[in-house]
Structure formats: structure tokens, C-alpha cells
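The values are calculated or read from the model by the stated rules, or taken from the named source; none is laboratory data. Treat the numbers as computed from the prediction; the structure is a model and nothing was measured. As a convention, Cβ positions derive from the backbone with ideal geometry for all residues, glycine included, and neighbour counts pool all protein chains shown. We work out accessible area using only protein heavy atoms, side chains counted, and drop any ligands, DNA or RNA first. Shrake-Rupley method; radii C 1.70, N 1.55, O 1.52, S 1.80 Å.
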Amino acid sequence: MRAAAVRPVGLGAAGLATARTSYAVRPDAVVTVEDLFPRAATAPAPFEVTVGERFDTLALPRRTARELIGRFGWMRPHPVGAAVCRALTDEWVLFLPPGSGEGLHWSWPAEHREKGAFLVPPRAAEPDDDLRWARLGNDEGRVFSAPLLLFFALFPNQVVRPPRSTTVHADRTPVRI
């Protein structure tokens, strides 16, 4: 699956920086579509933003995304935030907090991106437009989805291991078993 609304860019391509910044979101803050993409309210056409500075993306087939939303329907607030859909490729793109996918091995059917460029549709996109908003957020208007809940819902048998320590212990004390 290729994320049609998300595309990787090289350094300097289209004048976009791909390096992470110190943008931080307070854990208790509710970040909305208006906060993350203020141009969306007035833009006449889709516009490009850099992935990785303020958000990561997770592209899923439309059917998988809708199943996840339904699976968490009983949770309040709902853990799935805003989503952009692309009719041509039949995929939905969810937004994750920046850096939240690090250390997780996202595989098919999910495509996680932490750098590149993303096309943001205008809020006024029509239902029959190729690129449009499928969800403007959860019950609170929150744009970000919960990455760990999504990861374990998609890959229930996956084991997440912390990074290995680089410290080497050369203790030669005999151990009695």
C-alpha cells in the first residue's frame, strides 16, 4: 500500500525541512484540526505540510480504519482522532503525535511516516472530492490518535521491546544455578 496523501521528500525538496523540531504537545492538551492546520479553514485547495515536525501519519486501508474506529466505539474519549481520506486509493490517513511511532514495527496494512510531506485538504472539500476530511477529530475534537492502542489493535501478537542498553557488564563472578 502506498500512502497517496503522504509522500517522502528528500532534504531541500520543495523547500521543506524534514528535521524534527522541538515542537511539543502538553499531554493534557487537546490539539484540534484548527490548531494543527490553521490554513485548512480558508484554503481553496489542498496544501502541503511537513510530516514529523508537528505530527506523524499512519495510512490505512479505509476498511481497516473504519473497523478500528468501530472497535473503540465504547471508549470515551474515542482514541481515534482526525482522519483524511483519499477516494482514489481508498485509504485513510490518521495523525499521531510527533515521534510516537518510534520503536514500533508498523507493517502491512499500516504505513507509518515520520517524515515527508502531507497534502491537507481544505475544510470545505466536497464529499465527492478525492482528498477530504473523513473525521475532524474525536468527541473532544482531538486530532491525534492513540498510537499504542492502534498498534496493539492492528498487531495483537506483537511484542514491544525497549532498546538494548549499550552498557556492557564484564562481571566474572560465578553464578550458582
**OP:** Scan Leu119, Leu88 and give me the residue that is in a strand (DSSP E or B), closer than 27 Å to Ala43 by Cβ, more than 11 Å from the chain's Cα centre (by Cα) and touching a residue at least 60 places away in the same chain (Cβ under 8 Å).
**Re:** Leu119
**OP:** Sort through Glu114, Glu67 and tell me the only one that's within 23 Å of Leu149 (Cβ to Cβ) and within 11 Å of the chain's Cα centre (by Cα).
**Re:** Glu114
**OP:** State yes or no: is Gly73 touching a Gly at 6+ places or on another chain (Cβ under 9 Å) and either open to solvent by less than 10 Å² (accessible area, probe 1.4 Å) or closer than 15 Å to Ala153 by Cβ (or both)?
**Re:** no
Subject >> Positions within the range 94-111 being in contact with a helix residue (DSSP H, G or I) (Cβ under 9 Å, 6 or more places away or on another chain) and not in a loop (DSSP other than H, G, I, E, B), in sequence order >> reply: Leu94, Phe95, Leu96
Original post:
Can you name the residue in the range 83-142 that is at pLDDT 90 or above and among the β-branched types (Val, Ile, Thr) and is also farthest from Arg39 (Cα to Cα) among such residues?
Top reply: Val93
Original post:
Name the pairs: first residue in the range 52-71 and assigned to a helix (DSSP H, G or I), second residue open to solvent by 30 Å² or more (accessible area, probe 1.4 Å), Cβ to Cβ under 6 Å, at least 6 apart or on different chains?
Top reply: Arg62/Asp90
